[in-house]
Amino acid sequence: MKLYDGGRAPNPRRVRVFLAEKGMSIPAESVDIGKMEHKSAEYTAINPLQRLPALVLDDGTIITESVAICRYIEGLRPDPPLFGRGAKEEALVEMWNRRIEIYLFQAISFVFRHLHPAMREMEQQVPEWGEANKQRVYDFLQFLDRELKDRLFVAGDHYTIADITALCAIVRRWHAQVSARPSAHA
Ligand SMILES: N[C@@H](CCC(=O)N[C@@H](CS)C(=O)NCC(=O)O)C(=O)O
């Protein structure tokens, strides 16, 4: 088995955090997104969508999409259960992971990809779209904050993939920057 990893990028990080929670390690090869290595012919043969991460199994099967990779790992090592246990818990974990992916992770990535100068090469930037997503991020964070008043973790009383998605969505530099504003103490 071999994991194609992407350094500081958030999706590959989701898989690394998931593996760490499982106490597992998988041989990995780092693909440098900053150097556009994910656009190389070699990596395109692995994932024609040119996105990271990707997991190649010993029989040659290729799994892309972070959550699909995490589900495969969960199948290999079910404990601790990070996708919930039982019908109700599994549905709630799925619900929260999708909510975090769509309304937080994706919205933050739109802000970053459409506004940050470093992303110019990688994204056809539409600055208005980046700006529009800032408010969506703030609104969702407020909603999440209210939700978390009554429980320890995003999907309930146990740490799950939904927490990992939320953790990796938050851009640390951005978080430090907005937290440093006087308004953050309001
Ligand atoms: N839905 C995919 C998204 C993968 C993805 O967009 N990965 C980013 C790194 S976080 C990437 O490879 N970006 C390269 C690019 O945009 O050219 C997943 O969950 O793994």
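In this structure, does GLU94 turn out to be under 21 Å from THR160 (Cα atoms), within 15 Å of the chain's Cα centre (by Cα) and free of Cβ contacts under 8 Å to residues at least 60 places away in the same chain?
Considered against the rule, which asks whether it is under 21 Å from THR160 (Cα atoms), within 15 Å of the chain's Cα centre (by Cα) and free of Cβ contacts under 8 Å to residues at least 60 places away in the same chain, GLU94 comes out as yes.
Quick check on my filter: what residues within the range 1-15 are over 20 Å from PRO48 (Cβ atoms) and surrounded by 18 or more Cβ atoms within 10 Å (Cβ to Cβ)?
Listed by number, the residues that qualify are PRO10, ARG13, ARG14.
Looking at the range 6-33, which of its residues are free of Cβ contacts under 8 Å to residues at least 12 places away in the same chain, part of a loop (DSSP other than H, G, I, E, B) and within 14 Å of the ligand (Cβ to nearest atom)?
ARG8
Quick check on my filter: what residues within the range 16-46 are surrounded by 13 or more Cβ atoms within 10 Å (Cβ to Cβ), within 30 Å of TYR159 (Cα to Cα) and polar (S, T, N, Q)?
Within the range 16-46, SER30 is the sole residue that qualifies.
Can we say LEU104 is within 26 Å of ARG16 (Cα to Cα) and touching a strand residue (DSSP E or B) at 6+ places or on another chain (Cβ under 7 Å)?
So LEU104 fails the test.
Can you name the residue in the range 38-48 that is within 10 Å of the ligand (Cβ to nearest atom) and not polar (S, T, N, Q) and, of all such residues, is farthest from ARG71 (Cα to Cα)?
Taking the candidates together, the pick is LYS39.
So, in the range 41-91, of the ones that are over 15 Å from ARG16 (Cα atoms) and of a type in the set (Asp, Glu), which residue ends up nearest to the chain's Cα centre (by Cα)?
GLU90
Bear in mind these aren't lab numbers, they're just calculated from the coordinates by the rules spelled out. Owing to the predicted nature of the structure, the values given are computational and were not obtained by experimental measurement. Note that each Cβ is placed from the backbone with ideal geometry, even for glycine, and that neighbours are counted across all protein chains shown.
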